[in-house]
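Laboratory data are not the source of any read-out in this text; all were calculated from the coordinates shown. Owing to the predicted nature of the structure, the values given are computational and were not obtained by experimental measurement. Cβ coordinates were reconstructed from backbone atoms using ideal geometry, including for glycine residues, and neighbour counts include every protein chain displayed.
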Amino acid sequence: MTSYQEMYRRSCEQPEAFWREQAARLDWFEPPETILHQDDNGFYRWFRGGRLNISHLALDHHVDNGRGDQTAMIYDSPVTGTQQRYSYTELRDAVARTAGMLRQQGIEYGDRVVIYMPMIPQAVMAMLACARLGAIHSVVFGGFAPHELAVRIDDAQPKVVVTASCGIEFDRIIPYKPLVDEAIRRARHRPSTVVVVARPQERAELQPDRDLDWETALAAATPAAPVPVEATDPLYILYTSGTTGKPKGVVRDTGGYATALNFSMEAIYDLAPGDVFWTASDVGWVVGHSYIVYAPLIRGCTTVVYEGKPVRTPDAGAFWRVIAEHRVKTFFTAPTAFRAVKKEDPDGRLLHSHDITCLKNLFLAGERLDPPTYEWLKGMLNRPVIDHWWQTETGWPIAANPLGIEPQPEKGGSATFPVPGYQLEILDDLGNPLPSGKQGNIAIRLPLPPGCLPTLWGDDQRFRSSYLAAFRGYYNTSDGGYLDDDGYLFVMGRVDDVINVAGHRLSTGEMEELIGAHSAVAECAVVGVQDDLKGEVPIGFVVLKDGAEIDHSTLEQDLVRMVREEIGAFACLQRVAMVGKLPKTRSGKILRKSIRQLSLEPDVPVPSTIDDPSSLDTIREAMREEGIGRYRDNG
Ligand code: COA
Ligand code: AMP
């Protein structure tokens with residue numbers, strides 16, 4: 001067995017040789033001519049000249065190699081009381097027909113398709129069908145409000161939008177079609193077709209000139225074969241929150257992504273073809289793209305598509321039930337999901353009614369795995385509990401315990417070691433390397449390994465300024481943390497204005513733009529404050545315009561409603577404090593970090609650049625009055 005250190009060193013010293021070998025494990029139509037090069041922008045690109053199709057790798061390849069009868073996908077939906085299994089042959093056929101249906105709507109190589117769907121099999125089929133045609137999908141999380149969907153439609157300019165009549169949250173039906181109609185009404189770009197999966201729980205109104213029923217359109221379609229694409233062609237665009245109101249369209253290429261995912265399935269998750277892998281997330285997030293859809297299928301595993309919650313569908317034993325019933329070997333979810341389980345079933349009573357001997361490893365990501373949740377899981381499960389760290393931009397883990405290479409002793413609070421391919425360094429704000437134990441900016445030395453974003457959709461300049469400009473020769477992760485003396489990585493949180501609410505990444509800058517548009521608001525700051533269940537929740541600190549007459553509760557209700565309506569309920573802005581002034585630097589920059597710190601500790605260092613130190617007292621007082629952060633319990 002190669003040791004982790006040996007493999008890691010080789011990936012850094014001979015990246016081209018290392019990744020050439022990994023790429024060779026895929027079924028290319030034409031192998032790549034060049035392993036790594038820099039494009040006209042100077043951005044690194046992997047596997048130029050290679051031709052492949054990821055739907056072929058994920059489906060046809062397995063059918064052609066004797067896995068046709070194996071289950072590819074299990075749909076488990078406690079919210080509808082449904083379970084369905086698809087063999088590789090069945091899924092291949094369904095995807096080929098879906099691709100044919102999209103082709104009939106004019107979708108070809110390079111066209112964009114926006115997918116706004118709940119966790120149903122058709123969401124996975126639509127993604128793979130786009131890939132089959134060489135079209136580019138952009139999946140938008142179903143919790144986003146019409147405004148957010150409209151912004152993405154305008155940026156990606158899709159010919160087709162695929163949706164469903166509704167999503168189901170616990171026992172609540174959320175009609176999706178009116179949200180899509182509203183988004184298209186707001187968008188400048190007009191998709192020519194909207195394909196709607198009609199679910200029995202909700203009827204959708206179809207517009208005769210634009211909308212198609214999924215089943216009807218499918219029945220008229222001819223199956224499509226995989227279209228060979230360039231390794232460097234985009235597979236998808238996935239929008240993620242940046243520090244402003246405009247989301248970043250992370251571009252994912254095809255060959256690098258397939259190579260990296262295949263490598264990760266073995267090296268990190270220790271999974272072999274035939275194993276059952278369950279990721280409880282949503283196809284709207286990167287975790288869903290990579291580890292519900294593409295990676296498990298490329299590896300020939302069985303993936304579980306779960307339309308349910310950790311709790312109340314029907315109870316906090318839901319995860320254990322699914323693991324036991326489908327003989328899941330490896331389970332992956334966000335820590336917040338287990339915090340919800342722990343809150344309802346602290347002693348793990350519901351665990352004991354399920355036989356989960358099949359479960360070998362538990363992986364967590366999306367936010368920091370807090371030590372109490374880690375200890376609780378460890379004590380209950382007595383198995384590896386692996387915190388691993390990554391971002392939408394990278395598409396696969398940056399740091400993890402490499403179980404398939406050489407498992408490392410766990411350290412609670414750490415995401416263990418950099419994954420082969422990622423050269424991590426901790427830098428100070430000027431870009432100087434920091435010694436072990438010192439906290440700073442986590443940066444990745446260029447080139448990034450295959451699978452990571454080559455650029456942002458239609459915005460090379462923003463790619464450069466957001467990620468490459470801060471530290472020359474490095475990708476800036478915008479996460480802070482440190483390496484300990486043994487080389488273990490501790491990721492401590494974002495150093496920018498991005499927050500993480502229940503594993504969902506959100507921009508406080510965007511919320512500030514919305515709140516700032518309220519007629520009574522002069523200025524505001526939104527910061528993420530620690531929350532026992534969701535990790536962080538946003539809290540608004542608002543200064544009223546002179547003469548504005550509005551009481552606190554009316555303002556709070558207005559702003560909460562605005563954020564729900566414009567971003568989505570999952571943003572969870574629930575509290576707003578009114579303050580007389582905000583702490584700012586002399587040049588007028590709001591000191592959000594100081595506000596955040598004040599929610600954690602009573603005394604924070606007064607920044608030397610502060611304009612008016614008494615503004616910190618104003619914030620502290622407002623927190624005390626409103627019971628925010630550390631003042632939560634004493635009201
Ligand atoms: N479609 C529509 N609405 C959605 C939605 C979706 N896909 N997802 C969330 N929402 C809405 C919810 O209905 C809720 O609305 P409400 O305020 O009107 O009740 C709101 O957004 C907040 O939802 P959520 O953050 O899910 O909180 P919750 O209290 O309903 O549930 C948890 C708490 C912990 C059970 C839930 O957050 C959870 O399952 N988290 C795991 C998330 C995850 O897997 N993240 C992984 C990313 S890698
Ligand atoms: P997203 O792009 O939505 O996957 O969110 C990425 C961000 O989530 C990262 O930049 C981190 O801030 C945070 N994150 C994800 N996984 C972890 C982890 N294991 N530990 C700490 N933070 C994490």
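Observations on the model:
- Between residue 82 and residue 609, the simple spin-label model (points 7 angstrom out along Cα→Cβ) gives 5.3 nm.
- With neighbours defined as other Cβ atoms within 10 Å of a residue's Cβ, the residues 37, 61 order from fewest to most as 37, 61.
- From the C-alpha gyration tensor of segment 255-355, square roots of 5λ in Å: 26, 14, 11
- Each residue of segment 433-441 is assigned a 3J(HN,Hα), and the resulting list reads x, 9, x, 4, x, 8, 7, x, 7 Hz, derived from the Karplus form 6.51 cos²θ - 1.76 cosθ + 1.60 (θ = phi - 60°), x at Gly and Pro.
- Projected label points at residue 215 and residue 600, each 7 Å from Cα along the beta carbon direction, are separated by 5.3 nanometres.
- Multiplying the residue separation of residue 554 and residue 243 by 0.36 nm and removing their Cα-Cα distance gives an extension gain of 109.2 nm.
- The antiparallel fraction among DSSP beta bridges confined to the chain stands at about 60%.
- Computed over segment 192-285, the convex hull of the alpha-carbon atoms projects to a mean area of 10.7 nm².
- Virtual spin-label span in nm between residue 312 and residue 225, 7 Å along Cα→Cβ: 5.0
- With a cut-off of 18 Å on the backbone N, the residues of segment 172-198 near the modelled label site 7 Å out from residue 108 along Cα-Cβ are 192-193.
- Put simply, the convex hull of the Cα atoms in segment 108-164 casts, on average, a shadow of 3.5 nm².
- When Rg and Dmax are taken over the Cα atoms of segment 346-454, they come to 16.5, 55 Å.
- The simple Förster model, with R0 at 30 Å and r as the Cβ-Cβ distance, assigns residue 587 and residue 468 a FRET efficiency of 0.75.
- Among the GluC sites (Glu not before Pro) within segment 512-565, those in coil by DSSP and having at most 13 neighbouring Cβ atoms inside 10 Å are 549.
- Estimated vicinal HN-Hα couplings, Hz - segment 108-117 in sequence order (Karplus 6.51, -1.76, 1.60; Gly, Pro = x): 9, 2, x, 6, 9, 10, 9, 10, 10, 9
- Calculated [θ] (222 nm, deg cm²/dmol) that DSSP helices of n ≥ 4 give over the chain, each run adding -39,500 (n - 2.57): -8000 deg cm²/dmol
- Extended-chain gain in nm, criterion 0.36 nm per residue less alpha-carbon gap, residue 325 and residue 429: 32.5 nm
- Working note: Cα atoms of segment 1-50, range along each principal axis, descending, whole Å: 36, 27, 10.
- Global geometry of segment 63-216, whether rounded, prolate or oblate, following the gyration tensor of its Cα atoms and the 1.5 cut on a/c: oblate
- Under a model in which nothing but the beta-carbon of Lys, Arg (+1) and Asp, Glu (-1) is charged, the chain shows a dipole of about 440 debye around its Cα centre.
- Highest-first arrangement of 175-185, 611-621, 427-437, where packing means the average Cβ count within 10 Å: 175-185, 611-621, 427-437
- Fraction of alpha-carbon pairs over 31 Å apart in the chain - percent: 51
- Taking each residue as 0.36 nm, the span from residue 519 to residue 460 lengthens on full extension beyond its C-alpha to C-alpha distance by 17.7 nm.
- If you take the alpha carbon atoms of segment 10-99 and fit the smallest convex hull around them, that volume is 183 Å³ per residue.
- Percent of Cα pairs exceeding the 22 Å cut-off, where the set is segment 520-634: 32
- Computed from the C-beta positions of residue 174 and residue 358 and an R0 of 35 Å, the FRET efficiency is 0.60 to the nearest 0.05.
- Proximal lysines to residue 342, defined as alpha-carbon separation beneath 26 angstrom and excluding residues fewer than eight positions away on the same chain: 309, 329, 360, 378, 411, 534
- Taking a ≥ b ≥ c as the square roots of the eigenvalues of the alpha carbon gyration tensor, segment 462-503 is oblate, as a/c is not under 1.5 and a/b does not beat b/c.
- Across the chain, C-alpha contacts under 8 Å between residues 6 or more apart give a mean separation that, scaled by the residue count, equals a relative contact order of 12 percent.
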